[in-house]
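Student: The structure follows.
The values are calculated or read from the model by the stated rules, or taken from the named source; none is laboratory data. Keep in mind it's a predicted model, so treat the numbers as computed, not measured. Cβ: placed from backbone, ideal geometry, glycine included. Neighbour counts: every protein chain shown.
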Amino acid sequence: MTQQPRLGHNNPPGPNPSDTLAGIETTPDFTRFRQRNDVFTRAFWDDRVRSKHTDAFFASYRVDARPRKGEGFQPKDFALRNASWLISDIVSNRGGDSGRREGFQAPIQADTPVASQKVEIDDPARMAVEIKRIARFFGADLCGITDYDERWIYATQVDTRDFSEAPVELPEGMTSVIVLGHQMDLPLVQTYPSALAGAATGREYSHEAAIVMQLAAYIRNLGYQAVGSMNDTGLVIPYAIKAGLGEYARNQLVITPEFGPRLRFSKIFTNMPLAHDVPRPLGVKAVCDICTRCADACPVKALPFGPPSDAVANQSAITGVVKWTSDAEKCFSFWAKQGSDCAICLRVCPFNRDFGTWRNRLWLKLALSPLRRLALWLDDRSGRAKRLKPRDWWAG
Ligand code: SF4
Ligand code: SF4
């Protein structure tokens, strides 16, 4: 695939018919996000974020994790977490010293060329159904398709050799974004905060790396451009919402009717003719309006308590979007100090349940109805949000 680097530029917020349905509201201050400002990238170049804790945090994902006092932070916990990340690490490190950390600071490089003969697609709706089927075949738990909306593409990406800004690498003419959801393991998530729980995150990064690479290869084999992407290149949350996969919540996550907030998302940019999904407002916002369980449980109070606003705590948040926005510096400082990722705000969320059971499906109906206060009351009394002790997870 010929990559045509181009510098992103800021688009003024224009009318976008699906924004209202998606609950996306921009202001005149809207500015596309520069990846250099994401808090994980700042931990390499910005002394306001970088510390001995952040250096030790990243080092611990290799082999020199230092077990510390407390259940869930012992050698086996770190070993499982790091092994879970392995496939993702192999993909992101394969660029060596080229400055492209694939899946995080650069899109995933195409391993196969675009076929010289295009397969004719005369029914984009049918092709969209087929792509979703193939996504499931490769292991995705959810798949939705939306339009290529440049507002959510990073203004610039990062060259990891010196953390300078670099042009975003995407071919011209992208028309669709295929968004894939990857379910995190429920019992592991119940052990947050712990290094053990980080295995739930790492396993899905490894899954998503493989799945986007395979699905993108399938599309290229049919003669169309396809760029696999994880955290790189653009913000996945607005695409996931616009693709109808779920609704944005106070804990900064997309809540889905299938898995609640317990998902990771990846994406593929393509020019294949595909019908687009529409946003699906579920009624999650009405629940978050009367619930602050995630913000209450956050150990560093990094989540907002009030209504959505365009206020940002620091440069690690996009400007000009009215939404619930965390203080990423506070959040990441907690991750760094505990030596592993945190998702307490996911664990305690009342939507974090197994919707494979009829009881939980019934609860979901209640939560998304005017009886939402009753649903929250029932959740509080159920003990569902309680942390699972890592020793109990290991005991099976
Ligand atoms: S991940 Fe942890 S520290 Fe960050 S906002 Fe959620 S609860 Fe707070
Ligand atoms: S814990 Fe409550 S406020 Fe937070 S995301 Fe879940 S439902 Fe919304």
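Student: Answer yes or no: is there a residue in the range 83-97 that is of a type in the set (K, R) and more than 25 Å from P238 (Cβ to Cβ). Talk me through it step by step, then tell me what you get.
Tutor: First pass over the range 83-97, keeping only residues of a type in the set (K, R): 94.
Those left that are additionally more than 25 Å from P238 (Cβ to Cβ): 94.
The answer is yes; a qualifying residue exists.
Student: Which condition does R161 not pass, out of (1) touching a helix residue (DSSP H, G or I) at 6+ places or on another chain (Cβ under 8 Å); (2) within 24 Å of L245 (Cα to Cα), if it passes all the others?
Tutor: The number of the failed condition is (2).
Student: If H53 satisfies all but one of (1) crowded, with 16+ Cβ neighbours inside 10 Å; (2) closer than 26 Å to A155 by Cα, what's the number of the condition it fails?
Tutor: Every listed condition holds for H53 apart from (2).
Student: Of all residues in the range 347-396, which are in contact with a Gly (Cβ under 6 Å, 6 or more places away or on another chain) and more than 15 Å from P187 (Cβ to Cβ)?
Tutor: F351, L368, listed by residue number.
Student: OK, next. Given A395, A367, A328, A375, which one is out of contact with any Pro (no Cβ under 9 Å at 6 or more places or on another chain), under 21 Å from V254 (Cβ atoms) and either more than 15 Å from ligand 1 (Cβ to nearest atom) or of a type outside the set (D, E, K, R) (or both)?
Tutor: That would be A328, the only listed residue that is out of contact with any Pro (no Cβ under 9 Å at 6 or more places or on another chain), under 21 Å from V254 (Cβ atoms) and either more than 15 Å from ligand 1 (Cβ to nearest atom) or of a type outside the set (D, E, K, R) (or both).
Student: Let me ask something additional. Give all pairs with beta carbons closer than 6 Å in which a residue from the range 188-200 that is under 10 Å from W393 (Cβ atoms) and assigned to a loop (DSSP other than H, G, I, E, B) meets a residue that is polar (S, T, N, Q) and more than 16 Å from ligand 2 (Cβ to nearest atom); count only pairs at least 6 apart in sequence or on separate chains.
Tutor: Filtered contacts from the range 188-200: A197/T191.
Student: Follow-up question, since we're still on this one. Hey, among E169, E150, E204, which residue is at pLDDT below 95 and in contact with a Lys or Arg (Cβ under 9 Å, 6 or more places away or on another chain)?
Tutor: Working: E150 fails: at pLDDT below 95; E204 fails: at pLDDT below 95.
After applying the criteria, what remains is E169.
Student: Testing A328 on (1) hydrophobic (A, V, I, L, M, F, W, C); (2) touching a Cys at 6+ places or on another chain (Cβ under 9 Å); (3) crowded, with 21+ Cβ neighbours inside 10 Å, one condition comes back false. Which one is that?
Tutor: The failed condition is (2).
Student: OK, next. Can you confirm whether the range 371-394 contains a residue that is more than 11 Å from ligand 2 (Cβ to nearest atom), buried (at least 19 other Cβ atoms within 10 Å of the Cβ) and in a helix (DSSP H, G or I)?
Tutor: yes
Student: On to the next question. Looking only at the range 227-262, count how many residues are among the charged types (D, E, K, R) and away from ligand 1 (no atom under 15 Å from the Cβ). I'd like the intermediate steps shown before the answer.
Tutor: Within the range 227-262, the subset among the charged types (D, E, K, R) is 232, 242, 247, 250, 258, 262.
In the following step, the residues that additionally are away from ligand 1 (no atom under 15 Å from the Cβ) were identified as 232, 242, 247, 258.
Qualifying residue count, the range 227-262: 4.
Student: Exactly one of (1) part of a loop (DSSP other than H, G, I, E, B); (2) farther than 18 Å from L376 by Cβ; (3) more than 8 Å from ligand 1 (Cβ to nearest atom) is unmet by C291. Its number?
Tutor: It is condition (2) that C291 fails.
Student: Which residue is farthest from the chain's Cα centre (by Cα), if the candidates are limited to the range 342-370 and must be assigned to a helix (DSSP H, G or I) and not hydrophobic (A, V, I, L, M, F, W, C)?
Tutor: From the range 342-370, those assigned to a helix (DSSP H, G or I) are 344-347, 358-367; that's our starting set.
Among the residues that remain, those that are also not hydrophobic (A, V, I, L, M, F, W, C) are: 347, 359-361, 365.
On the way: R347: 16, R359: 28, N360: 24, R361: 24, K365: 25 Å.
Applying the filter and picking the extreme gives R359.
Student: Moving on. Determine the pairs where a residue that is assigned to a strand (DSSP E or B), located within the range 321-341, has a partner that is not aromatic (F, W, Y) with Cβ atoms under 6 Å apart, the partner being 6 or more residues away or on another chain.
Tutor: Listed pairs, sorted by first residue: V321/T26; V322/E25; V322/P308; V322/D310; K323/P308.
Student: On to the next question. Can you give me the ranges of the helices (runs of 4 or more DSSP H) entirely in the range 29-144 with at least 3 residues that are of a type outside the set (D, E, K, R) and under 19 Å from the mean Cα position of the chain (by Cα)? Full working, then the answer.
Tutor: On the way: elements: 39-45, 52-60, 75-84, 86-93, 124-138.
In the range 29-144, 39-45, 86-93 are the helices (runs of 4 or more DSSP H) which contain 3 or more residues that are of a type outside the set (D, E, K, R) and under 19 Å from the mean Cα position of the chain (by Cα).
Student: I'm trying to understand the selection: among the residues of the range 305-320, which are in contact (Cβ under 8 Å) with a residue 12 or more places away in the chain and either near ligand 1 (Cβ under 8 Å from one of its atoms) or surrounded by fewer than 20 Cβ atoms within 10 Å (Cβ to Cβ) (or both)?
Tutor: Passing the criteria: F305, P307, P308, S309, D310, A311, V312, A313, N314, Q315, T319, G320.
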